[in-house]
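Undergrad: Would you mind keeping the following structure in view while I ask a few things?
The values are calculated or read from the model by the stated rules, or taken from the named source; none is laboratory data. Quantities reported herein were computed from a predicted structural model and do not represent experimental measurements. We place every Cβ from the backbone using ideal geometry, glycine too, and count neighbours over all the protein chains shown.
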Ligand code: KG4
Ligand code: ZN
C-alpha cells in the first residue's frame, strides 16, 4: 500500500503555510505571508498576524491542493503546528486543521514547530540520519538538539538565554536603519564587508561558561556591543561602515553557532549535523558551517532556503514521520501551546 498523504498546516508566526507530503516527498505547497503588514511596526504584531491567517487559511489550503493536483478526498491525515508560537496565530491553523479532520473523518496530529523545522530537510535529502545533532536558528529560537528519533525522541542540549539569533539580526538591522525583518538585508551588506574588521564579543564561549552554558547561546551582549560601536562612531563624527559592521556581526553569530554545534557533535560522538530555521538562509553561517564540518569530519545537512523559513511542508513532513511510526493521533480537543517544549514532538489525545 502506498504511504498516506499528509496535509500540513503552519500558522505559528507570520506565514500561513500549507503543504501535502507523502513519505518524504513534497507533493505540493502554498505560502501566504503577512510580513509586509508588520514592516511599519518593526516586528510581528500578534493580532495583525492572526487576522491575516484567518483571511489566508482557506485560499492557501486550496492552492496547496491545486499545486499537488489533489482534492481533499485524497488526504489521509492532517498535521498542524500546535506550538510553540503566537497563541492567536496558532489557534487559526489548529482550528482549520480540526475542521478539515472532522469533515474528512481523518486523523489529526498536533506537532511541534521546532521539530518540524528540523524535519524539513527530509524533503530535500531523505530520512534523517539518527542520531543527529540539530541546530535550530530562527527569529524566535536558537536551540541545539540531540535527535535520536525525529518523531519520538528529541532532547534539548542548549538554547539561547536571551535573544534568539534571528531576533538579534532583526534588532541590529533596525539600529542600522534597515527594514524588518533585517536578517536578509544584513546578509546582503555583509557580503560586501570585511568579517574581521571589528572584533565583536562571542557570548557564552569563555572557559568559565563551559560548566553551566556549554551548549547555550547569548546574543544580547553582542547586539549591545554593535549598538555601542555604531553610536560611538556617530558621536565621533565618523562614517559608520555598514558593510563591515554587518560582516563582523554576522561572523560573530556564525562563529558561536557553528563552534557550539560542532562541540556538541564531538561531545556526543555524532558525525551528523542538521541545520534549520530562518537564519539558516544566512550566507556566512552556511559557509562557515560547511568549512568547519568538513574540517571536523562531520557531514552537514542544510535544506534549501525556502524550506528553512516557516512553511507548511515541514509540518506535513513531520506529520508523515509521526504517522509512519504509528503514533497516537490528537483529537478535536487539541489546544495550542505557545511554549510547547521541544521534547514534545507531537501532542497525542489526553
Ligand atoms: O524560521 P523563521 O522564518 O521564523 C521563525 O520561526 O522565527 O525565521 C525568521 C528569522 C528572522 O529573524 C530573519 O531576520 C532571519 O530569520 N533571517 C536571516 C536571513 N534570512 C532570514 N537571518 C540572517 N541572514 C539571512 N539571510
Ligand atoms: Zn520557525
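Undergrad: What pairs come up if the first residue lies in region 267-278 and is touching a residue at least 40 places away in the same chain (Cβ under 8 Å), the second is assigned to a strand (DSSP E or B) and within 13 Å of ligand 2 (Cβ to nearest atom), and their beta carbons are under 7 Å apart, counting only those six or more places apart or on different chains?
TA: Cβ pairs passing all conditions: 276/136; 277/136; 277/137.
Undergrad: Only helices (runs of 4 or more DSSP H) wholly contained in region 177-259 count here; list those with 3 or more residues that are surrounded by fewer than 17 Cβ atoms within 10 Å (Cβ to Cβ).
TA: Values: elements: 183-190, 210-213, 220-235.
Here the list reads 210-213, 220-235.
Undergrad: Picking from 114, 128, 145, 123, which residue would you name as being part of a strand (DSSP E or B) and in contact with a strand residue (DSSP E or B) (Cβ under 8 Å, 6 or more places away or on another chain)? Can you show your working first?
TA: Working: 114 fails: part of a strand (DSSP E or B); 128 fails: part of a strand (DSSP E or B); 123 fails: part of a strand (DSSP E or B).
On inspection, the qualifying residue turns out to be 145.
Undergrad: Let me ask another. So how many residues does region 5-40 have that are away from ligand 2 (no atom under 16 Å from the Cβ), assigned to a helix (DSSP H, G or I) and either touching a residue at least 60 places away in the same chain (Cβ under 8 Å) or under 17 Å from residue 65 (Cα atoms) (or both)? Working first, answer last.
TA: Taking region 5-40 first, the residues away from ligand 2 (no atom under 16 Å from the Cβ) are 5-7, 20-28, 30, 36-37, 39-40.
Right, trim to assigned to a helix (DSSP H, G or I) and you get 36-37, 39-40.
Restricting the remaining residues to those that are either touching a residue at least 60 places away in the same chain (Cβ under 8 Å) or under 17 Å from residue 65 (Cα atoms) (or both) gives 39.
Here the count works out to 1.
Undergrad: With at pLDDT 95 or above and on the phi > 0 side of the Ramachandran plot as the only criterion, which of 105, 121 stands out? First the steps, then the outcome.
TA: On the way: 121 fails: on the phi > 0 side of the Ramachandran plot.
After applying the criteria, what remains is 105.
Undergrad: Can you name the residue in region 148-163 that is within 15 Å of ligand 1 (Cβ to nearest atom) and part of a strand (DSSP E or B) and, of all such residues, is surrounded by the most Cβ atoms within 10 Å (Cβ to Cβ)? First the steps, then the outcome.
TA: Initially, region 148-163 is screened for residues within 15 Å of ligand 1 (Cβ to nearest atom), giving 159-160, 162-163.
Those left that are additionally part of a strand (DSSP E or B): 159-160.
Working: 159: 17, 160: 22.
Only one residue tops the list, namely 160.
Undergrad: If residue 261 satisfies all but one of (1) in contact with a strand residue (DSSP E or B) (Cβ under 6 Å, 6 or more places away or on another chain); (2) at pLDDT below 95; (3) away from ligand 2 (no atom under 16 Å from the Cβ), what's the number of the condition it fails?
TA: Exception for residue 261: condition (2).
Undergrad: Please go through region 285-327 and give me each residue that is within 16 Å of ligand 2 (Cβ to nearest atom), at pLDDT 95 or above and either more than 30 Å from residue 58 (Cα to Cα) or exposed (fewer than 15 other Cβ atoms within 10 Å of the Cβ) (or both), ordered by number.
TA: 285, 302
Undergrad: Is there a residue in region 131-139 that is part of a strand (DSSP E or B), surrounded by 21 or more Cβ atoms within 10 Å (Cβ to Cβ) and more than 14 Å from ligand 2 (Cβ to nearest atom)?
TA: Yes - at least one qualifying residue is present in region 131-139.
Undergrad: If you don't mind, another one. Among the residues of region 16-23, is any surrounded by fewer than 22 Cβ atoms within 10 Å (Cβ to Cβ), over 19 Å from the mean Cα position of the chain (by Cα) and more than 27 Å from residue 181 (Cβ to Cβ)?
TA: Of the residues in region 16-23, the ones surrounded by fewer than 22 Cβ atoms within 10 Å (Cβ to Cβ) are 22-23.
Filter once more, so that each one left must be over 19 Å from the mean Cα position of the chain (by Cα): 22-23.
Now restrict to residues that are more than 27 Å from residue 181 (Cβ to Cβ): 22-23.
Among the residues of region 16-23, at least one is surrounded by fewer than 22 Cβ atoms within 10 Å (Cβ to Cβ), over 19 Å from the mean Cα position of the chain (by Cα) and more than 27 Å from residue 181 (Cβ to Cβ), which makes the answer yes.
Undergrad: Give 56, 77, 49 a once-over and let me know the one that is crowded, with 20+ Cβ neighbours inside 10 Å, within 24 Å of the chain's Cα centre (by Cα) and at pLDDT below 95. Spell out the reasoning first.
TA: On the way: 56 fails: at pLDDT below 95; 77 fails: at pLDDT below 95.
Selected residue: 49, the only one of 56, 77, 49 that is crowded, with 20+ Cβ neighbours inside 10 Å, within 24 Å of the chain's Cα centre (by Cα) and at pLDDT below 95.
Undergrad: Let me ask another. Restricting the search to region 164-176, which residues are farther than 19 Å from residue 256 by Cβ and part of a loop (DSSP other than H, G, I, E, B)? Write out each step before concluding.
TA: So the first thing to find is which residues in region 164-176 are farther than 19 Å from residue 256 by Cβ, and the list is 174-176.
Answer for region 164-176, where residues must be farther than 19 Å from residue 256 by Cβ and part of a loop (DSSP other than H, G, I, E, B): just 176.
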